[in-house]
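Asker: Dropping the structure in here first, questions after.
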Amino acid sequence: MTHEERIKQIVEVAYDRLCGKVTGQRIQVDNEASLQLQLASILKTLGELYEESPGERFNIELEKSVKLTGGKFAKSGTEKAKIDIWFSLEDIENGESHACAIELKYFKRANHREPNNRYDVYKDLQNLERYGDFADAGYLLVATDHPHYINQEKYSPDTGSFDFRHGKSYLAGTELLYRTEKPYGPPITLRNDYTFTWQTVEAGLSFLFVAVAPRK
C-alpha cells in the first residue's frame, strides 16, 4: 500500500470510528474544539499503527500555520492560513513525506449564523483546494444539529448558490455569488466537482464529510 493510500485510509477509518463512538455515546462533541480534539486523538492512534518501517514517522499538528508562495487564501484574505488538523507519514531515511489537511465546521442551531455559515463552508473547500503545497489529500468535516443545512426546503435566491444540502452537488467552475446589498464575501469558484451526502451519527447531530483534491 502506498503512502497516499495509507493517508486516505487513516482518515476514512478515523471518520468511521468517530461516527461510531459518537453514535454509541462513547464520546461527546459539543463544539468545533471538541470535534477537533476527538478526531485528532483517533487520527494519532490510527496513524501510529500505520507506521510500517523503522524509518517511518506519523506526525500530527493542530492549527498548522501555512503560507502560499503566491496568491491569497479566500478565508483569511492573506497568503497565510491555519489548517485545523494536519498530519503526515514521513520516511526519515529517504525524506519522502505525504500529508493530509482537514478543515472542520460545527454549526449549532442555537447560534444560527445564516447564510454566512454556508458561505464559510465553501471558503473552507476553496482553501483545501489550494493546500497542494502542504498536503496530498484534503477533507472537510461539518457537524450540525440544525436541519437547515441538511434538508431545508429552499434558501433565499440571494444566497441560494451556497448549497450543500443532502444530495446536492457543485459543478467545477461555477461561480457562487452573494447577491445581497452588502455581500458577506467575494464570489467563490471551486476547481473540483462535489456531491454532498449527510450522515446522522446520533439523535440531533449529523456529519457532512467531503474529500477534496488539493492542487498546487
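Asker: Give region 160-216 a look and list any residue that's within 16 Å of Arg118 (Cα to Cα) and of a type in the set (A, V, I, L, M), or say none.
Answerer: Answer for region 160-216, where residues must be within 16 Å of Arg118 (Cα to Cα) and of a type in the set (A, V, I, L, M): Leu176, Leu177, Ile188, Leu190, Leu208, Val210.
Asker: Out of the residues in region 55-81 meeting the condition of being of a type in the set (Lys, Arg) and crowded, with 16+ Cβ neighbours inside 10 Å, tell me which one is farthest from Arg6 (Cα to Cα). Spell out the reasoning first.
Answerer: Here is the first cut: in region 55-81, the residues of a type in the set (Lys, Arg) are 57, 64, 67, 72, 75, 80.
If we keep only those that are crowded, with 16+ Cβ neighbours inside 10 Å as well, we get 64, 75.
Details: Lys64: 21, Lys75: 29 Å.
Residue satisfying both the conditions and the ranking: Lys75.
Asker: Okay, moving on. For region 88-101, indicate whether the set of residues that are of a type in the set (D, E, K, R) and outside any strand (DSSP E or B) is non-empty. Show your work before the answer.
Answerer: Step one: list which residues in region 88-101 are of a type in the set (D, E, K, R), which gives 90-91, 93, 96.
Pick out the ones that are also outside any strand (DSSP E or B) and you get 93.
Scanning region 88-101 turns up at least one residue that is of a type in the set (D, E, K, R) and outside any strand (DSSP E or B).
Asker: Of all residues in region 45-54, which are open to solvent by less than 80 Å² (accessible area, probe 1.4 Å) and over 19 Å from Ile92 (Cα atoms)? Can you show your working first?
Answerer: Filtering region 45-54 for residues open to solvent by less than 80 Å² (accessible area, probe 1.4 Å) gives 46-47, 50-51, 53.
Listed by number, the list holds a single entry, Leu46.
Asker: In region 38-64, what residues are in a strand (DSSP E or B) and either under 16 Å from the mean Cα position of the chain (by Cα) or of a type in the set (Phe, Trp, Tyr) (or both)?
Answerer: At the first step, the residues of region 38-64 found to be in a strand (DSSP E or B) are 56-64.
Within region 38-64, Phe58, Ile60, Glu61, Leu62, Glu63, Lys64 qualify.
Asker: Looking only at region 83-96, which residues are modelled with pLDDT under 90 and open to solvent by 30 Å² or more (accessible area, probe 1.4 Å)?
Answerer: Step one: filter region 83-96 for residues modelled with pLDDT under 90, giving 91-96.
Those that are modelled with pLDDT under 90 and open to solvent by 30 Å² or more (accessible area, probe 1.4 Å): Ile92, Glu93, Asn94, Gly95, Glu96.
Asker: Could you list, in sequence order, the residues of region 1-44 that are under 17 Å from Glu90 (Cβ atoms), of a type in the set (A, V, I, L, M, F, W, C) and open to solvent by less than 70 Å² (accessible area, probe 1.4 Å)?
Answerer: Across region 1-44, the qualifying residues are Ile7, Ile10, Val11, Leu43.
Asker: Let me ask you something else. Quick one: Glu5 ticks every box in (1) farther than 22 Å from Tyr122 by Cα; (2) among the acidic types (Asp, Glu); (3) in contact (Cβ under 8 Å) with a residue 24 or more places away in the chain bar one, so which box is it?
Answerer: Going through (1) farther than 22 Å from Tyr122 by Cα; (2) among the acidic types (Asp, Glu); (3) in contact (Cβ under 8 Å) with a residue 24 or more places away in the chain one by one, Glu5 breaks only (3).
Asker: Please find, within region 19-37, the residue that is farthest from the chain's Cα centre (by Cα) out of those that are in contact (Cβ under 8 Å) with a residue 40 or more places away in the chain and closer than 20 Å to Glu103 by Cα. Even if it seems obvious, please write down each step before you answer.
Answerer: Step one: of region 19-37, the residues in contact (Cβ under 8 Å) with a residue 40 or more places away in the chain are 19, 22-23, 25, 29, 31-32, 35-36.
Subsequent filtering for residues that are closer than 20 Å to Glu103 by Cα retains 19, 22, 29, 31-32, 35-36.
Working: Cys19: 15, Val22: 18, Val29: 16, Asn31: 15, Glu32: 12, Leu35: 12, Gln36: 11 Å.
So the residue we want is Val22.
Asker: Return the total of residues in region 65-87 being charged (D, E, K, R) and either in contact (Cβ under 8 Å) with a residue 24 or more places away in the chain or at positive phi (or both).
Answerer: As a first pass, look at region 65-87 and keep what is charged (D, E, K, R): 67, 72, 75, 79-80, 82, 84.
Narrowing further to those that are either in contact (Cβ under 8 Å) with a residue 24 or more places away in the chain or at positive phi (or both): 75, 84.
Going through region 65-87 one residue at a time, the tally reaches 2.
Asker: With respect to Val201, determine if the residue is crowded, with 18+ Cβ neighbours inside 10 Å and modelled with pLDDT of 95 or more. Walk me through how you get there before you give the answer.
Answerer: Details: crowded, with 18+ Cβ neighbours inside 10 Å: yes; modelled with pLDDT of 95 or more: no.
It is false that Val201 is crowded, with 18+ Cβ neighbours inside 10 Å and modelled with pLDDT of 95 or more.
Asker: Going through Tyr178, Tyr184 one at a time, which residue ends up being open to solvent by 30 Å² or more (accessible area, probe 1.4 Å), touching a residue at least 12 places away in the same chain (Cβ under 8 Å), more than 16 Å from the chain's Cα centre (by Cα) and within 17 Å of Asp124 (Cα to Cα)? Even if it seems obvious, please write down each step before you answer.
Answerer: Details: Tyr178 fails: open to solvent by 30 Å² or more (accessible area, probe 1.4 Å).
Checking each option against the conditions leaves just Tyr184.
Asker: Collect the residues in region 134-160 that are of a type outside the set (D, E, K, R), more than 17 Å from Ser206 (Cα to Cα) and either touching a His at 6+ places or on another chain (Cβ under 7 Å) or buried (at least 20 other Cβ atoms within 10 Å of the Cβ) (or both), keeping them in residue-number order. Spell out how you get there, then give the answer.
Answerer: Residues of region 134-160 of a type outside the set (D, E, K, R): 134-135, 137-144, 146-152, 155-157, 159-160.
Imposing the further condition that a residue be more than 17 Å from Ser206 (Cα to Cα) reduces the set to 134-135, 137-138, 155-157, 159-160.
Answer for region 134-160, where residues must be of a type outside the set (D, E, K, R), more than 17 Å from Ser206 (Cα to Cα) and either touching a His at 6+ places or on another chain (Cβ under 7 Å) or buried (at least 20 other Cβ atoms within 10 Å of the Cβ) (or both): Phe134, Ala135, Ala137, Gly138, Thr159.
The values are calculated or read from the model by the stated rules, or taken from the named source; none is laboratory data. Note that this is a predicted model, so its numbers are computed, not measured. We place every Cβ from the backbone using ideal geometry, glycine too, and count neighbours over all the protein chains shown. With ligands, DNA and RNA removed, areas are computed over all heavy atoms of the protein, side chains included. Shrake-Rupley method; radii C 1.70, N 1.55, O 1.52, S 1.80 Å.
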